[in-house]
């Protein structure tokens, strides 16, 4: 460790005293065979149902978690030929820059546990890309950016958490896209569809969003300009600003969704856009949420004019199904992070793992808790111990330490089942170099003053003698 007092190494230790319930296995047994390809492709539906990914290409095995080079995800995804990409390794891939995915690619994480962090994926003007069973956790910019006429895209069974801007952004004429069976949490701007009121090419946008779990996210589930979006059989829980937004004549068909403890289900006036949007609501379930009415439903498209879909009734059964099966099957545990004020305004995440603060400043800590897989895993309370005798409760807490040093912080998450999941982290409180320099300067001045006074006193005594 560096001897400089203003340099702090932070080690985050997550300890789970009692694991969360086991997660249902989804396609866990996998081999690179025609049958495994067809198993995945059989789940396609909606506007992105024609995407074939790398079906007609070779199988490429990712064998390293490195950012680049042969055997890496980047090496495969950016190659020009069709590829069905699978993993022979599990772990975290930290990207130093976004991967620009080429056309006719399937990135298939079914046989592994893959987390992408640091930077995300860009699908710029490409076609026939499938992203399946991947976790996107903490990075700059967008986790997945689909732009410039990209089409026939399918995002399926992925987890999205804590990015600098959007989790999925679909803009500049990108179309024929399906986002299905994904989970979104610990994030502000979830899904932007159409970036600017002047981008009239976004009239071509067509997106299907089904069987996703939006868990305590803030806004844009999605936020639409122009185009058509079919939103059905999704579960929204405690969306904090608004659930669905549409302007510039964007058309939303929202059927058989579950809205629980949500306010502002639909907004048609956002961001100063000059024109509003439309929504047709059919058979949705509102649980402790504000009711919502359709807005110009006659202007919204008919699903059957584009594709067929089996719509499940909005019910407790559907809610439990989405909780159990959406997202990646690999487990994810609670963790302690620091809230960064206005982090997303700079393109960086709102929450970071670096828990070092200067003495005298408060720190805002956040309990990053994944969506529950069952009712028994529902969070009842979160109790905090700051390691200096201070305590608090809630998902987000603030604390100021009175002395420099290392403190072990513990968040105890009580589940509905009565079980306790515990996350711990180390907070390092240090003294700023400028403060030390200021103290030293003040000490020198004080010492000099004392010496000067003593000299003056001695001089006075000498004159009296």
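Sorted from fewest to most neighbouring beta carbons within 10 Å, what does the list 37, 226, 259 look like?
Numbers: 37 18, 226 24, 259 27.
Taking fewest neighbouring Cβ atoms as first place, the list is 37, 226, 259.
What is the gain in length, in nm to one decimal, between residue 249 and residue 204 on full extension, counting 0.36 nm per residue of separation less the C-alpha to C-alpha distance? Numbers along the way, then the final one.
Numbers: separation 45, 0.36 × 45 = 16.20 nm, distance 1.23 nm.
Here the segment from residue 249 to residue 204 would lengthen by 15.0 nm.
Do you know the relative contact order of the stretch 163-238, to the nearest whole percent, from alpha carbon pairs under 8 angstrom that are 6+ apart?
Details: 179 pairs, mean separation 26.1, N = 76.
Averaging sequence separation for qualifying contacts and normalising by length gives 34 percent for the stretch 163-238.
Which part of the stretch 385-406 falls in the paramagnetic zone of residue 339, meaning amide N under 18 Å from the point 7 Å along Cα-to-beta-carbon?
Those under the cut-off are 385-386, 391-401.
Please say if the stretch 335-431 is rounded, prolate or oblate, where rounded means a/c under 1.5 for a ≥ b ≥ c the square roots of the C-alpha gyration tensor eigenvalues, and otherwise the choice is prolate for a/b larger than b/c and oblate otherwise? Display every interim value, and only then the final one.
Details: a/c = 2.67, a/b = 1.43, b/c = 1.87.
Oblate.
Put a dot 7 Å past each Cα toward the Cβ at residue 316 and residue 406; how far apart are the dots in nm?
Label-label distance for residue 406 and residue 316, simple model: 4.9 nm.
Would you mind putting 410-423, 136-149 in packing order, based on average other-beta-carbon counts within 10 Å, highest first? Intermediate values should be presented prior to the final figure.
On the way: 410-423: 17.7, 136-149: 22.6.
Per-residue Cβ counts within 10 Å, averaged per peptide and sorted highest first, yield 136-149, 410-423.
For the pair residue 324 and residue 288, what calculated FRET efficiency results from E = 1/(1 + (r/R0)^6), where r is the Cβ-Cβ distance and R0 = 25 Å, to the nearest 0.05? Working shown, then result.
Details: r = 22 Å, r/R0 = 0.86.
Efficiency computed from Cβ-Cβ geometry: 0.70.
Based on other C-beta atoms within 10 Å, arrange 292, 158 from fewest to most. Mind dumping the intermediate values first?
On the way: 292 19, 158 29.
With the sparsest Cβ surroundings first, the list reads 292, 158.
What's the ranking of 167-178, 107-118 by average number of surrounding C-beta atoms within 10 Å, highest first? Don't skip to the end; give the middle numbers.
Details: 167-178: 25.6, 107-118: 22.1.
Sorting 167-178, 107-118 by mean packing, highest first, produces 167-178, 107-118.
Highest first, please rank the peptides 311-319, 95-103, 242-250 by the mean number of other Cβ atoms sitting within 10 Å of their residues. Display every interim value, and only then the final one.
Working: 311-319: 14.7, 95-103: 18.2, 242-250: 25.1.
Ranked from most to least packed, the peptides come out as 242-250, 95-103, 311-319.
Where a ≥ b ≥ c are the square roots of the eigenvalues of the C-alpha gyration tensor, would you call the stretch 34-325 rounded, which needs a/c under 1.5, or, failing that, prolate if a/b is larger than b/c, or oblate? Show your work: numbers first, answer last.
On the way: a/c = 1.66, a/b = 1.58, b/c = 1.05.
Judged from the Cα gyration tensor, the stretch 34-325 comes out prolate (a/c at least 1.5, a/b above b/c).
Considering only DSSP beta bridges whose two residues both sit in the stretch 189-328, what percent are antiparallel, to the nearest 5? The partial results should precede the final answer.
Details: 2 of 34 bridges.
Taking every DSSP beta bridge with both residues in the stretch 189-328, the antiparallel ones total about 5 percent.
Only the coordinates and a few stated rules stand behind these numbers; no lab work does. Worth saying up front: this structure is predicted, and the values here are computed from it rather than measured. Positions of Cβ are backbone-derived with ideal geometry, glycine not excepted, and every protein chain shown enters the neighbour counts.
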